[in-house]
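Structure, as structure tokens:
The values are calculated or read from the model by the stated rules, or taken from the named source; none is laboratory data. Bear in mind the structure is a predicted one, so any value in this text is a computation, not a measurement. Every residue, glycine as well, gets a Cβ built from its backbone with ideal geometry; the counts of neighbours run over all protein chains shown. Only protein heavy atoms, including side chains, enter the accessible area calculation; ligands, DNA and RNA are left aside. Shrake-Rupley method; radii C 1.70, N 1.55, O 1.52, S 1.80 Å.
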Amino acid sequence: MPQAEFQDTGDTGDIALHGITVRYGKAKAPVVAVEDVSLEAGPGEFVVLVGPSGCGKTTLLRIAAGFVTPSEGTATVRGEPPVPGRATGVVFQQPRLFPWRTAGGNIAFALARHGVPREHRAERTEELLARVGLAGMAGRRTWELSGGQQQRVAIARALAGEPQVLLMDEPFAALDALTRERLQEEVRTLAATSGTTVLFVTHSAEEAVLLGSRVLVMAAGPGRIVAELEIGLERAAETDVAALRGTPEFSRLRGELAAVMREAALTPAG
Ligand code: ADP
Ligand code: MG
């Protein structure tokens, strides 16, 4: 996707969370979802958060999206406090499309929200659909689309504002294995081509290693980051991602991350 105009993000990364604590519920008996978590994602980095259910992955993503305000700590995206729907594209586990709109209608709606003039929307919609492998499908009703196709529309919609930062919360978890693999490969290529900064949540070691340039491993009770892995796999736009899965280095990293994740799950509450 085209780069947004240059913005000075100062010393912080595209995504910067510092000393984040989130408490839900009553002040007297709060649930501490995450405690004193700091993370940064630099421009073009693909940072993956992994960890067991309930460790606060979604909470951190929602903070970066501007949906949740932390109880303590600061969050910035490209140097500014996050505002929902502005500079950031968000993709959830469920596509959450408007069921009464067509595939194209869902995207045109997002384009309108981002101020794209009416006369350019049809063309931009086609471009976005083509980018997620749905060329010519603009007129399809959402119920005529498979789960994988709906999630492609959701990704295209997230790209409508040409975001420099993309947040994805287990976007492929509800898909069948083959569709999931295809979409993983496409998102990896898309990110490598566009230089977008991505914060991606999953509980799959395989998915984390395939997609991430860096993986942060979380533990629960309260949620915190307990380990970090650099993934040195080739990240060029022309990388054959499917072939990469078959390499010994990929298997080694996946095994290493799985071991770290097992250990993190057994880490006593901090
Ligand atoms: P994950 O995405 O890693 O599964 P979440 O961020 O969804 O974890 O949740 C972290 C913790 O915060 C869990 O214990 C969860 O039950 C709790 N939690 C999440 N959202 C809320 C909420 N809106 N109100 C109360 N507790 C919540
Ligand atoms: Mg979650």
Criterion first (crowded, with 22+ Cβ neighbours inside 10 Å, away from ligand 1 (no atom under 13 Å from the Cβ) and over 24 Å from Leu134 (Cβ atoms)) does Val198 satisfy it?
no
Subset of the stretch 18-55 (residues that are within 13 Å of ligand 2 (Cβ to nearest atom), small (Gly, Ala, Ser) and out of contact with any Lys or Arg (no Cβ under 8 Å at 6 or more places or on another chain)):
Ser53, Gly54
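Only one of Ala227, Ala242, Ala258 is outside any loop (DSSP other than H, G, I, E, B), touching a helix residue (DSSP H, G or I) at 6+ places or on another chain (Cβ under 8 Å) and surrounded by fewer than 13 Cβ atoms within 10 Å (Cβ to Cβ). Can you tell me which? Break it down into steps so the answer makes sense when it comes.
Working: Ala227 fails: surrounded by fewer than 13 Cβ atoms within 10 Å (Cβ to Cβ); Ala258 fails: surrounded by fewer than 13 Cβ atoms within 10 Å (Cβ to Cβ).
Unique residue meeting the criteria: Ala242.
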If Val116 satisfies every condition in (1) open to solvent by 10 Å² or more (accessible area, probe 1.4 Å); (2) closer than 30 Å to Leu216 by Cβ; (3) not aromatic (Phe, Trp, Tyr) but one, which is the exception?
(2)
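Residue-by-condition table, conditions (1) away from ligand 1 (no atom under 11 Å from the Cβ); (2) free of Cβ contacts under 8 Å to residues at least 12 places away in the same chain; (3) open to solvent by less than 30 Å² (accessible area, probe 1.4 Å):
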{"position": "Glu45", "(1), (2), (3)": "yes, no, no"}
{"position": "Ser53", "(1), (2), (3)": "no, no, no"}
{"position": "Leu60", "(1), (2), (3)": "no, no, yes"}
{"position": "Gly66", "(1), (2), (3)": "yes, no, yes"}
{"position": "Thr69", "(1), (2), (3)": "yes, yes, no"}
{"position": "Glu72", "(1), (2), (3)": "yes, no, no"}
{"position": "Gly79", "(1), (2), (3)": "yes, no, no"}
{"position": "Arg86", "(1), (2), (3)": "yes, no, no"}
Can we say Ala160 is of a type in the set (Gly, Ala, Ser), open to solvent by 20 Å² or more (accessible area, probe 1.4 Å) and either modelled with pLDDT under 95 or assigned to a helix (DSSP H, G or I) (or both)?
no
Single match in Leu129, Leu183, Leu167, Leu178 (criterion: more than 25 Å from Gly56 (Cα to Cα) and open to solvent by less than 30 Å² (accessible area, probe 1.4 Å)):
Leu129
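Only one residue in Ala208, Ala192 is small (Gly, Ala, Ser), open to solvent by less than 20 Å² (accessible area, probe 1.4 Å) and either in a helix (DSSP H, G or I) or in contact with a Lys or Arg (Cβ under 8 Å, 6 or more places away or on another chain) (or both). Which one? So that I can check it myself, show each step before the final result.
Values: Ala192 fails: open to solvent by less than 20 Å² (accessible area, probe 1.4 Å).
Step by step, each of Ala208, Ala192 is checked, and only Ala208 is small (Gly, Ala, Ser), open to solvent by less than 20 Å² (accessible area, probe 1.4 Å) and either in a helix (DSSP H, G or I) or in contact with a Lys or Arg (Cβ under 8 Å, 6 or more places away or on another chain) (or both).
Residue under question is Leu233, and the condition is that it be in a loop (DSSP other than H, G, I, E, B), over 15 Å from Val48 (Cβ atoms) and of a type outside the set (D, E, K, R); does it hold?
Working: in a loop (DSSP other than H, G, I, E, B): yes; over 15 Å from Val48 (Cβ atoms): no; of a type outside the set (D, E, K, R): yes.
In short, no.
Yes/no matrix, rows are residues, columns are (1) hydroxyl-bearing (Ser, Thr, Tyr); (2) part of a loop (DSSP other than H, G, I, E, B); (3) in contact with a helix residue (DSSP H, G or I) (Cβ under 9 Å, 6 or more places away or on another chain):
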{"position": "Asp36", "(1), (2), (3)": "no, no, no"}
{"position": "Val48", "(1), (2), (3)": "no, no, yes"}
{"position": "Ile63", "(1), (2), (3)": "no, no, no"}
{"position": "Phe98", "(1), (2), (3)": "no, yes, yes"}
{"position": "Ala112", "(1), (2), (3)": "no, no, yes"}
{"position": "Gly115", "(1), (2), (3)": "no, yes, no"}
{"position": "Glu123", "(1), (2), (3)": "no, no, no"}
